[in-house]
Every structure is written in C-alpha cells, then in structure tokens.
Amino acid sequence: MSLLKRISFALAYFRRPPWDTGVVPPEVEAFIAEHPPGRALDLGCGTGTSSLALAKAGWQVTGVDFVPRAIAIAKQRAAKQNLSVNFRVGDIVHLPAALFQSPYELVLDIGCFHSLNPAERLDYLHNLDRLLVPGGTWLLYAFLGEQAHTRPGIHSNDLEIAVLHLNLVHRQDGSDRKDRPSAWFWFEKPQPTETP
C-alpha cells in the first residue's frame, strides 16, 4: 500500500470513516453462530467492531491495524465492554513473528486484502498458510475490481492463487452501499492428508 493511501486511511480516523459503521456484518454473526469459539485474527480490525463481537462470543481474539488511532479507539471500546482483545498496531502483510506461533481457527478480513498491491497480496496469501490451523477459515469481504473498474478490488487471478492453497467453500456476491460489486468469501485450509 502506498504511503499516500496509508496517510489517507490514518486521517480518516480523525472523523468516522465511512467503512467504520459500528455494525457487525451478518456474515460474521452467522460464522459466530455456526462455529465454536477458538482463536481469531482480525486483519485490518479498525476500531474493533467484529473483534469485539467475536470476543463477546468467547473467542480469543487478536486485532491488527496499522492506524494507531483506530487501535486506541478499539482498546477503549474493549475496556468499556470489559472484553479482553489483543489489539495491536501493525502491518497486516509484515506481521510480527509472535502472531505465527499459535495458528488460528479464523482469520477475518473485512476490506483489507483488496487494498493491497499485487506483491503484498502474494505475501499475505503466503502468510495465511502459517496463520490458519488445518480446517481453519479465512473469511474475506472484498470489492470486485474487474466488474467495478475501480480500485480497490480483487481480481480473478487473486482467487486463482488463493485456491492453490485453500478451498473456496462459499461465495456470496452483492454490493456495498454505493452499489460497488463486492463479495464475501469463505475459504478453508485443507486438512493434511494421511499417508498409509
């Protein structure tokens, strides 16, 4: 991500960014309802809306965002709700080694992956293999770049690379409030195959 884009994201948190609705997406609520609590990593967590919903449901959650102000707000919200979430300032592509030590049942990304440049996307996808437990889920929301003719947005080649390492379990197409094409993707890391 360019320095200019990083600055614009950081400045947005001095008001309320349009993407920070404070509403837990129904897809995240459905995931919580259908899965027992485990360990979750929220990449690009912003002010922590989904992280806090996961924690409230019993998940052990780490939230990462590169905007210090967003993380400060997330920590305040967690303290106010008496919830324990490990909120950290960090780059979602260059994560600290400590986050790779115990893999996660869920890696959640609501609108972050689609903002990365192609090289960063490859690094991110490589990290997923180390971040997820076998059978773990990568729950991704992203704009669809090819149809929208706008950036950010993911493309078919991003999905082709992802399915080399993960199984696409479900895709739900839709659009955002500005009618930009988008989709939710449920990927799972395959279970290791047993050798005779």
Filtering the stretch 104-124 for residues that are of a type outside the set (Lys, Arg) and buried (at least 18 other Cβ atoms within 10 Å of the Cβ) leaves a count of 13
Restricting the stretch 83-98 to residues that are more than 24 Å from Glu29 (Cβ to Cβ) and crowded, with 19+ Cβ neighbours inside 10 Å, the one farthest from the chain's Cα centre (by Cα) turns out to be Leu95
Which of the residues spanning the stretch 29-81 are in contact with a Cys (Cβ under 7 Å, 6 or more places away or on another chain) and in contact (Cβ under 8 Å) with a residue 60 or more places away in the chain?
Leu43, Gly44
Among the residues of the stretch 54-63, write down those that are crowded, with 21+ Cβ neighbours inside 10 Å and of a type in the set (Gly, Ala, Ser).
Ala55, Gly63
Checked the stretch 32-54 for anything among the small types (Gly, Ala, Ser) and within 15 Å of the chain's Cα centre (by Cα); matches are Ala40, Gly44, Gly46, Gly48, Ser50, Ser51, Ala53
Considering the stretch 142-196, residues that are of a type in the set (Asp, Glu) and in contact with a helix residue (DSSP H, G or I) (Cβ under 8 Å, 6 or more places away or on another chain), and then whichever is modelled with the lowest pLDDT, we arrive at Glu146
Restricting to the stretch 20-64, and then to whatever is in contact with a Gly (Cβ under 6 Å, 6 or more places away or on another chain) and outside any helix (DSSP H, G or I), can you tell me which residue is farthest from Ser102 (Cα to Cα)?
Asp20
Criterion first (at pLDDT 95 or above, of a type outside the set (A, V, I, L, M, F, W, C) and at positive phi) does Gly58 satisfy it?
yes
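Which of the residues that make up the stretch 71-95 are in contact with a strand residue (DSSP E or B) (Cβ under 6 Å, 6 or more places away or on another chain) and of a type in the set (A, V, I, L, M, F, W, C)?
Of everything in the stretch 71-95, those that are in contact with a strand residue (DSSP E or B) (Cβ under 6 Å, 6 or more places away or on another chain) and of a type in the set (A, V, I, L, M, F, W, C) turn out to be Ile71, Ala74, Ala78, Val85, Phe87, Ile92.
The values are calculated or read from the model by the stated rules, or taken from the named source; none is laboratory data. A quick note: this is a predicted structure, and the numbers were derived from the prediction, not measured. Please note: Cβ atoms are built from the backbone with ideal geometry, for glycine as well, and neighbour counts cover all protein chains shown.
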